[in-house]
Amino acid sequence: MKVQTINKQIREHSIENIKNKRDRKKDKKPLQAYAASWANKDRLYDCVGYTIFIVLPTSGCEWATKSGGCTMCSYIADSPLCEIDDNELIEIFDNEWKKQLEKTDISSHENVAVKLFVSGSFLNTNEVDEKVQEHIFNEFNKYDNIKEVIVESKPEYIDEDSLKRLGSIIPDKIFEIGIGVETLNEDTRLNKINKGITNESFEKSVNIINNIKEYDIRAKAYLLVKPILLPEKKAIQESIDSAKYAKEVGVKRLAYCPATVHAGTLMDYLWKRGSYNPPWIWSTIEIIKQVRKNVDIPMIMDTAGFGTRRGPFNCKKCNSKLKELIIESNLKQEIPKELEEFTCECKSKWEADLEFEDVLNTTTNPKT
Ligand code: SF4
Ligand SMILES: [Zn+2]
């Protein structure tokens with residue numbers, strides 16, 4: 001309970017600071033400026049394709065505003081923290097979508113995916129109204145080459161009616177719902193990540209998704225590598241076990257997010273006091289190796305933040321090369337030979353960390 005209390009205090013303090021800072025500014029940032037979109041080559045279920053990413057501002061993740069949110073997440077700080085009118089949100093989406101359509105002719109790409117981020121739950125109608133959800137899906141349905149539409153949601157907003165309502169708008173596409181289950185370990189999830197998701201609610205939502213037969217609706221699991229208050233060695237094992245668990249529950253794809261330390265979070269608070277370090281890149285490689293060999297569903301390892309001061313890190317000699325090889329592994333869905341055999345002088349420090357972190361009660365930080 002202590003973690004939740006401190007987490008909530010840190011979050012409230014952070015939100016207050018952001019609001020004060022914004023109030024003091026004469027030129028208020030327009031709502032459109034909270035949106036973003038970009039596109040790049042990315043892995044789809046069956047092939048490498050063209051993926052469009054769209055970030056939409058919403059009033060903010062309800063879980064973060066009410067409970068303090070997850071201990072590693074700072075999305076709320078990027079939200080406008082105010083109510084957004086539905087028509088305004090539609091206009092913001094239209095602008096971002098238009099930008100992407102101007103950048104490329106979608107019909108020139110055989111396989112396109114669209115990933116929609118709302119810094120919260122797309123299926124929560126308090127965050128994204130039905131009218132807005134349907135407008136967006138109707139736009140996507142105009143393009144046959146869009147093969148996958150991916151949104152994110154907490155389990156409590158995943159219900160049969162919403163899924164069928166949206167699935168019926170894009171009947172020929174894969175409609176994927178990413179759920180941030182983060183780990184199979186309920187204690188870690190509830191008490192260290194403060195995710196507010198029980199195994200029961202996760203499993204129930206995956207079943208709801210899989211029981212719909214009329215449309216191709218699939219569940220993806222987001223898994224966090226190295227939450228706070230978890231030794232690196234245990235974090236690696238938990239990540240590997242979580243993949244097996246998610247597959248057994250009926251998840252069709254996995255996305256690992258190795259922790260990066262974001263300002264205004266409990267993770268940041270602990271990191272500044274030397275009580276938390278992001279994972280070693282070696283740890284993420286160990287997870288890739290084990291999961292590719294033992295869990296036969298698509299898996300990607302996110303490399304955002306790799307090699308930065310607040311992100312997963314090895315040493316300056318190998319950070320960039322390993323990031324490149326992990327991206328290659330994501331695209332090909334296999335372990336490149338070079339990654340399998342890769343070694344560097346910093347590997348022995350990682351191995352020593354895994355062996356002695358229990359004694360030191362922390363990992364070292366020799367990552368320069
Ligand atoms: S990880 Fe998701 S549920 Fe948790 S605080 Fe961030 S946006 Fe909200
Ligand atoms: Zn190295």
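The fewest-to-most ranking of ASP23, ASP353 by surrounding Cβ atoms within 10 Å reads ASP23, ASP353. Rg over Rh for the stretch 120-265 works out to 1.00, using Cα positions for both radii and the Kirkwood form for Rh.
Could you grab the relative contact order for the stretch 2-360? Cα pairs under 8 Å, six or more apart, rounded to a whole percent. Write down the numbers at each step before the final one.
Working: 621 pairs, mean separation 50.1, N = 359.
Reported as a whole number, the value is 14 percent.
Computed from Cα atoms alone, the Kirkwood hydrodynamic radius reported for the stretch 293-341 is 11.6 Å.
Both radii come from the Cα set of the chain: Rg as radius of gyration, Rh as Kirkwood radius; their ratio Rg/Rh reads 0.95. Pairwise Cα separations in the stretch 1-98 fall into 10 Å bins from 0 onward with the following percentages, short to long: 14, 34, 31, 17, 4.
The stretch between GLU102 and LYS142, if pulled fully straight at 0.36 nm per residue, gains 12.8 nm over its current Cα-Cα span. Longest stretch of the chain clear of exposed loop sites (trypsin sites (Lys or Arg not before Pro), DSSP loop, at most 13 other Cβ atoms within 10 Å, sites excluded): 29-141. With Cα atoms as the point set, the radius of gyration and Dmax of the stretch 1-47 evaluate to 18.4, 50 Å. Helical runs assigned H by DSSP (4 residues or longer) give the chain a calculated mean residue ellipticity at 222 nm of -13000 deg cm²/dmol, each run adding -39500 (n - 2.57) before division by the residue total. Site pair LYS347 and THR125 shows an inter-label distance of 5.5 nm when each label is modelled 7 Å from Cα along Cα→Cβ. Against the compact-protein benchmark of 2.2 N^0.38 Å, the Cα-based radius of gyration of the stretch 190-337 scales to 1.09. With only the Cα atoms considered, the stretch 52-200 has a convex hull volume of 116 Å³ per residue. Within straight-line reach of LYS204, meaning a Cα separation under 24 Å, sit the following lysines at least 8 residues removed in sequence or on another chain: LYS66, LYS115, LYS154, LYS164, LYS173, LYS192, LYS195, LYS213, LYS220, LYS244, LYS247, LYS252.
Values quoted throughout were computed directly from the atomic coordinates according to the rules given, and no laboratory measurement underlies them. Everything numeric here is computed off the predicted structure, so don't read it as measured data. Cβ atoms come from the backbone with ideal geometry, glycine included; neighbour counts cover every protein chain shown.
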